[in-house]
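What follows is a set of notes on a single structure, which appears directly below.
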Amino acid sequence: MSAPTKTIEVTRVRGGVGENAARPDGIPKVTGEFAYSSDLWAEGMLWGATVRSPHPRARIVSIDIAKALALPGVWAVLTHDDVPGNKTYGLEIPDQPVLAWDQTRYQGEPVVLIAADHPETATRAADLVDIFYEELDPITDPEVAMDPGTDVLHPEAKNPHNLIRHVRIRSGDPDASADVVVSGEYTIGMQDQAFLGPESGLAVPDGEGGVDLYVATQWLHVDLDQLAGALGLTEDRVRITLAGVGGAFGAREDLSMQIHCCMLALHTNRPVKMMYSREESFFGHVHRHPARMYYEHGATRDGDLVYVKARIILDGGAYASSSTAVISNATCFAVGPYEVPNATLDGYVVYTDNPPCGAMRGFGSVQACFGHESQMDKLADALGMDPLELRIRNAMTTGSKLPTGQIVQGPAPVKELLESVRDMPHPDPTPSGPLDLTLLPGGVSNTTHGEGVRRGVGYGVGFKNIAYSEGFDDYSTARVKLWSAGGEPIVEVHTAAAEVGQGVTTIQMQIARTELGVEQVVVLPADTQVRSAGSTSASRQTWMTGGAVRKACEAIRVRVLTDALVGLDGDPGDLSLEGGKVISSSLGVVADLADAIGDAAYEETYEYHHKKTFPLDPETGQGDAHVAFAFSAHRATCDVDTELGLVKVVELATAQDVGKAINPQAVEGQIEGGTAQGLGLAVMEEIQVKDGKVMNPSFTDYLIPTILDMPPMQIDVMELGDPDSEYGVKGVGEPPTISSTPAILAALRNASEKPLTHIPVRPDHFLWSGERPGELGP
Amino acid sequence: MDFFRPVSLAEALELKAAHPECTPIAGGTDLMVELNFDKKRPETIIDLTACSELQEWSRDNGTVRVGAGVPYSRIIAELATDLPGLAIASRTVGSPQIRNRGTLGGNLGTASPAGDGIPPLVAVGASVELASTSGTRSMPVTEFITGVKENALRGEELITAINVPGSRGPQQFSKIGTRNAMVIAVATFSVALDLEARSVGTALGSCSPRPLRASDAEAFIADEIDWDGRTPLPESAAARFGELVADAARPIDDVRGTAAYRKHALKIMAKRTLTWTWEEART
Ligand SMILES: Cc1cc2nc3c(=O)[nH]c(=O)nc-3n(C[C@H](O)[C@H](O)[C@H](O)COP(=O)(O)OP(=O)(O)OC[C@H]3O[C@@H](n4cnc5c(N)ncnc54)[C@H](O)[C@@H]3O)c2cc1C
């Protein structure tokens, strides 16, 4: 190593932490060149298809596959008999059959698999499978399901009466009384994640009994665990690589076609591709839990919350999925981000014969937030108080105690968020210029030129936990390598973090650039050749995988700097890496990083763990169950055609504490997208289930917002910095979905003066004279 | 599957005569959905998009002859003055992509109760032109559509054009959907004033198996309107008109809405659109 050179200008690397670094998948996605999992292809591959039960609840009397097997071009027809390992799987409770054998518990449950040389042949073979069902009356009402007299759908379950989990939280005085009491009953329909890239993947047998699976998923290692178990293989013989993911939102946490595709590939010893259609996708993944919530709020005449009682019932559907964690959130956050001295909270999640429900963006907090925010408005009304003032008065802060007894430690700027959205400029009143239908309820459908239109403004604030809770250690692993080639330093980052569109690949690049002062960073495809990164869910990847990458980079930096010091006077703390140079604070540039590295290659692996959490006490619900909390608030301005019940969301304003915006543009993208999903739940998105059957499994009748439904937004991104995370980051993805829905509902109530206790709101809800269906109004 | 792409109407009709069972495809925005959902498996498809005769429109003696293959985007751009009701309805169809591909012929071919192109045709008494190698016949749209997704087309025939009387007064169209764009109609209403004949034409969409006129409402309001003095319409008359329109409907409950809501919505839409047309006529 040469002696110190003269000082030269060091330019910081571009695309580091805090910048709007370009995403590597951005241009390919916009130009249509990005390879999604549905684009996978292998020489000589077969196509898989799934035969599903048409009945919500039935006994399987017989399965005859002979005719299907005899069809030319068919390579395999498999049933439960062919499952090599565990016959059931599941995220929390292994209660879901890989293929149903004695009975089916929801419409669309997989029963038989087919592999054929053409997708059309596979479809025809599916029609030739003869399954004889004996139909049973489906159990479709979760409250009926809990009745002692009702049939038990899972006799092996640990709880009686179809109960998946009951979360019981008691704090303060259960008999507390208050001056002013309001109660309400609220219901939520079943929302779909509606990702645009349906379930798909490609399984390639390795010829030695093992298999490689390329698949769009959210957590490679939890897939691996369940997949290896069902295939009866050790984990080293099953390798999973993330394929291009077209959105996830929770719907890819559970397995869909993973086991099926691998079974077919191993059976035929050929690569097999599976790809669901949009319709099949509605049956191929879990949905957001529908909810029924009974609330009672008590407050002093001055507006201080005295107590909250809530009974929340979530419909878990046929299998447990992540229901136990969803009900935990719904119950833990049932009172919202407020200080409430006394709380009596009961959350139940129940098996029924409806479609299985599980993870979706907001995960339990969405349901609770609609409940507590509706109640806060109702309470404000009863008190004759401004709804915003009531919220600010009771707002939680750092140091507040949750009903679970946990003290909130990071920033909890509930008041500041509400004040921020309150103080943003309001949108213009309906413009008086030439008629522009796109600005009116009904849009270009030309239903009003202003008649019956009333404007309303409403607020919502919500919060949820970041990362997994209740003692779960969802660590993340990063392997980082630094070497130099052609005089240029190069960093390679390898994690199993699933990029589902949210931008975790870019985040990893940005962190490595900043930490090592190297512009050229390559993020390897996520796969199971490196240890788990945990799930891309619970708004946790920037915190957890971002944290792991930073720590691994730091370890490398220390080694590089220590090596660079050899022969120099100084201490490693004096040196830093910037702009591809090794810099000493006293001596200036001491070396080109590439020279300092020389022929060496530095590699470090770091396993990042969040702080320890604890289970909730089963009797009292007390416990430090959560790592950290993220907060957001929305203000909605809506126009309602009060005669037709049609809605135009005019504007959404939001404020959110993201801790630190590693990539401000990505943060805004998450906030806008999450808000749009919340808007969808507020005014249109509902899987309609009747007697256990899905009535609208298509984008013709399951409506999601278009660009004409989603209004412009004002966004205030606060960066208050969490003391427990790297860079102070918090999760960003979920909060916008939580507080947007109740804000819109508040605005709709404000405009229409109707109770609107069900979401999504449908046009006729504005016309009911009471809270429930009946005669339509004027 | 066989696929034909004739380059003239004559050739298309020859093919249709030779293969009466074959399925025509125009924009494909209905047919491809049916194929995708495996609801139809045609043995033979005949693509009409290269038959230039079907992509033309012309004026003849107060009537506009709209080729079956004219897409919505052209109806909006080229026929908004001649056929304002149809143009307003066309604007409500799908998205820009769908409006570029989708045709009026296809809308009639599908004959869905929710076809948005149909009510504006019914309200003005338009007729459908059907052709085969043995000749051409014509029938009112109301007769052409015989039931839910059923029409009077014979195997050897194609829809060649729709003859629509040019507007003789203001026209309106209004559609309820639960999203502000790209939505299947929950209920629609069309109204057309004929200032020369002093009559009012109406049609209801998505509210009955076949397209429907509200004859009682038409007769009632034709009497109420002050055609000579052009005085404002009393609100009570407009409201009564709305009720009579709602009475004519035969709606059902389905995933898109309830029968009760559909009737209610018709009442409001009829009242509003009538008021808009009459205000336009007066001023
Ligand atoms: C996303 C989307 C949104 C939509 N939104 C709407 C909407 O808002 N309102 C609405 O009304 N519709 C809507 N549709 C349905 C569709 O676009 C319309 O019905 C359209 O008019 C169909 O025209 P096409 O040319 O695409 O028909 P095609 O799909 O080509 O054909 C439809 C049927 O008509 C037959 N056919 C077509 N042309 C002829 C002919 N010349 N002679 C005989 N038979 C013929 C075909 O055989 C077929 O049975 C939508 C469709 C989609 C996919």
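If I ask for residues that are out of contact with any Lys or Arg (no Cβ under 7 Å at 6 or more places or on another chain) and either within 9 Å of chain B (Cβ to nearest Cβ) or free of Cβ contacts under 8 Å to residues at least 24 places away in the same chain (or both), which ones from region A:706-742 would you list?
A:Ile707, A:Leu708
Could you please find all residues in region A:726-758 being among the basic types (Lys, Arg), more than 23 Å from A:Ala666 (Cβ to Cβ) and not in a helix (DSSP H, G or I)?
Within region A:726-758, A:Lys754 is the sole residue that qualifies.
Test each condition in (1) surrounded by fewer than 22 Cβ atoms within 10 Å (Cβ to Cβ); (2) over 19 Å from B:Pro6 (Cα atoms); (3) among the acidic types (Asp, Glu) for B:Glu56 and report the one that comes out false.
(2)
Residues A:Asp212, A:Asp223: which one is charged (D, E, K, R), open to solvent by 30 Å² or more (accessible area, probe 1.4 Å) and under 27 Å from A:Asp25 (Cα atoms)?
Among A:Asp212, A:Asp223, only A:Asp212 is charged (D, E, K, R), open to solvent by 30 Å² or more (accessible area, probe 1.4 Å) and under 27 Å from A:Asp25 (Cα atoms).
Looking at region B:112-124, is at least one residue surrounded by fewer than 23 Cβ atoms within 10 Å (Cβ to Cβ) and within 8 Å of the ligand (Cβ to nearest atom)?
Yes, region B:112-124 contains a residue that is surrounded by fewer than 23 Cβ atoms within 10 Å (Cβ to Cβ) and within 8 Å of the ligand (Cβ to nearest atom).
Report whether or not B:Ile159 is within 8 Å of the ligand (Cβ to nearest atom), modelled with pLDDT of 95 or more and outside the structural domain of B:Arg230 (by TED's automatic domain parsing).
Spelling it out, B:Ile159 is indeed within 8 Å of the ligand (Cβ to nearest atom), modelled with pLDDT of 95 or more and outside the structural domain of B:Arg230 (by TED's automatic domain parsing).
If we scan region B:124-133, do we find a residue that is in a strand (DSSP E or B) and not assigned by TED's automatic domain parsing to the domain that holds B:Lys16?
Scanning region B:124-133 turns up no residue that is in a strand (DSSP E or B) and not assigned by TED's automatic domain parsing to the domain that holds B:Lys16.
Hey, B:Phe189 hits all of (1) away from the ligand (no atom under 14 Å from the Cβ); (2) within 28 Å of B:Ala12 (Cβ to Cβ) but one; which does it fall short on?
(2)
Are there any pairs with C-beta distances below 9 angstrom linking a residue in region A:516-529 that is under 27 Å from A:Thr217 (Cα atoms) to a residue that is open to solvent by 50 Å² or more (accessible area, probe 1.4 Å), with the two at least 6 apart or on different chains, and if so which?
A:Val523/A:Pro24; A:Leu524/A:Arg479; A:Asp527/A:Arg239; A:Thr528/A:Glu235; A:Thr528/A:Arg239; A:Gln529/A:Arg239
Considering only residues that are in contact with a helix residue (DSSP H, G or I) (Cβ under 6 Å, 6 or more places away or on another chain) and of a type in the set (A, V, I, L, M, F, W, C), look in region B:80-91 and name the one that is farthest from the ligand (Cβ to nearest atom).
So the residue we want is B:Ala80.
Hey, any hits in region A:580-593 for a residue that's of a type in the set (S, T, N, Q), within 28 Å of the chain's Cα centre (by Cα), open to solvent by 50 Å² or more (accessible area, probe 1.4 Å) and on the phi < 0 side of the Ramachandran plot?
Scanning region A:580-593 turns up no residue that is of a type in the set (S, T, N, Q), within 28 Å of the chain's Cα centre (by Cα), open to solvent by 50 Å² or more (accessible area, probe 1.4 Å) and on the phi < 0 side of the Ramachandran plot.
Exactly one of (1) farther than 20 Å from B:Pro84 by Cα; (2) without any contact (Cβ under 8 Å) to a residue 24 or more places away in the chain is unmet by B:Ser208. Its number?
Against the list (1) farther than 20 Å from B:Pro84 by Cα; (2) without any contact (Cβ under 8 Å) to a residue 24 or more places away in the chain, B:Ser208 comes up short only on (2).
Is it true that some residue in region A:518-529 is at negative phi, modelled with pLDDT of 95 or more, part of a helix (DSSP H, G or I) and surrounded by 24 or more Cβ atoms within 10 Å (Cβ to Cβ)?
no
Has region B:127-134 got at least one residue that is open to solvent by less than 10 Å² (accessible area, probe 1.4 Å), of a type in the set (Ser, Thr, Tyr) and either out of contact with any Gly (no Cβ under 9 Å at 6 or more places or on another chain) or within 10 Å of the ligand (Cβ to nearest atom) (or both)?
no
Select, from A:Glu499, A:Glu451, the only residue that is over 30 Å from A:Ile597 (Cα atoms), among the charged types (D, E, K, R) and within 14 Å of chain B (Cβ to nearest Cβ).
The match here is A:Glu451.
Only one of these is within 18 Å of the chain's Cα centre (by Cα), among the β-branched types (Val, Ile, Thr) and more than 10 Å from the ligand (Cβ to nearest atom): B:Thr63, B:Thr103. Name it.
Within the list B:Thr63, B:Thr103, the selection yields B:Thr63.
Given the criteria within 13 Å of the ligand (Cβ to nearest atom) and buried (at least 20 other Cβ atoms within 10 Å of the Cβ), does B:Gly94 qualify?
Here the answer is no, as B:Gly94 does not meet what is asked.
How many residues does region B:145-185 hold that are within 14 Å of chain A (Cβ to nearest Cβ) and either of a type outside the set (Val, Ile, Thr) or open to solvent by less than 20 Å² (accessible area, probe 1.4 Å) (or both)?
Within region B:145-185, residues that are within 14 Å of chain A (Cβ to nearest Cβ) and either of a type outside the set (Val, Ile, Thr) or open to solvent by less than 20 Å² (accessible area, probe 1.4 Å) (or both) number 14.
What pairs come up if the first residue lies in region B:58-73 and is free of Cβ contacts under 8 Å to residues at least 40 places away in the same chain, the second is of a type in the set (Val, Ile, Thr) and within 16 Å of the ligand (Cβ to nearest atom), and their beta carbons are under 8 Å apart, counting only those six or more places apart or on different chains?
Listed pairs, sorted by first residue: B:Val70/B:Thr103.
Taking B:Ile184, is it within 24 Å of A:Leu703 (Cα to Cα), in the same structural domain as B:Ala203 (by TED's automatic domain parsing), touching a residue at least 12 places away in the same chain (Cβ under 8 Å) and near the ligand (Cβ under 7 Å from one of its atoms)?
Against the criterion (within 24 Å of A:Leu703 (Cα to Cα), in the same structural domain as B:Ala203 (by TED's automatic domain parsing), touching a residue at least 12 places away in the same chain (Cβ under 8 Å) and near the ligand (Cβ under 7 Å from one of its atoms)), B:Ile184 qualifies.
Look through region B:236-283, keep the residues that are basic (Lys, Arg) and within 11 Å of chain A (Cβ to nearest Cβ), and return whichever of them is nearest to B:Ile184 (Cα to Cα).
B:Arg256
Restricting to region B:186-235, name every residue that is assigned to a strand (DSSP E or B) and either surrounded by fewer than 20 Cβ atoms within 10 Å (Cβ to Cβ) or away from every other protein chain (no Cβ under 14 Å) (or both).
B:Ala192, B:Leu193, B:Asp194, B:Ser199, B:Val200, B:Gly201, B:Thr202, B:Ala203, B:Leu204, B:Leu212
Counting only residues that are aliphatic (A, V, I, L, M), give me the helices (runs of 4 or more DSSP H) lying completely in region A:199-310 with at least 3 of them.
Details: elements: A:220-231, A:258-268, A:278-284.
In region A:199-310, A:220-231, A:258-268 are the helices (runs of 4 or more DSSP H) which contain 3 or more residues that are aliphatic (A, V, I, L, M).
Of the conditions (1) at the interface with another protein chain (Cβ under 9 Å from one of its Cβ atoms); (2) open to solvent by less than 40 Å² (accessible area, probe 1.4 Å), A:Met695 fails just one. Which one is it?
(2)
Residue-wise test of (1) of a type in the set (Phe, Trp, Tyr); (2) within 22 Å of the chain's Cα centre (by Cα); (3) within 13 Å of the ligand (Cβ to nearest atom); (4) surrounded by 17 or more Cβ atoms within 10 Å (Cβ to Cβ).
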residue	(1), (2), (3), (4)
B:Leu9	no, no, yes, yes
B:Leu13	no, no, yes, yes
B:Ala18	no, no, no, no
B:Val33	no, yes, yes, no
B:Gly69	no, yes, yes, yes
B:Ser73	no, yes, yes, yes
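Go through region B:106-123 and report how many residues are part of a loop (DSSP other than H, G, I, E, B) and among the aliphatic types (A, V, I, L, M). Can you show your working first?
Within region B:106-123, the subset part of a loop (DSSP other than H, G, I, E, B) is B:111-117.
From what's left, among the aliphatic types (A, V, I, L, M): B:111, B:114.
Of the residues in region B:106-123, 2 are part of a loop (DSSP other than H, G, I, E, B) and among the aliphatic types (A, V, I, L, M).
Quick one: in region B:55-105, which of the residues that are assigned to a strand (DSSP E or B) and of a type in the set (Ser, Thr, Tyr) is nearest to B:Leu15 (Cα to Cα)?
Selected residue: B:Thr103.
Working carefully through the options B:Glu34, B:Glu11, find the one that is within 14 Å of another protein chain (Cβ to nearest Cβ) and of a type outside the set (A, V, I, L, M).
Checking each option against the conditions leaves just B:Glu34.
The values are calculated or read from the model by the stated rules, or taken from the named source; none is laboratory data. No experiment lies behind these values; they were computed from the predicted model shown. In this analysis, Cβ positions are derived from the backbone assuming ideal geometry, glycine residues included, and neighbour counts consider all displayed protein chains. Ligands, DNA and RNA are stripped out before the accessible areas are found, and what is left, the full protein with its side chains, is counted by its heavy atoms. Shrake-Rupley method; radii C 1.70, N 1.55, O 1.52, S 1.80 Å.
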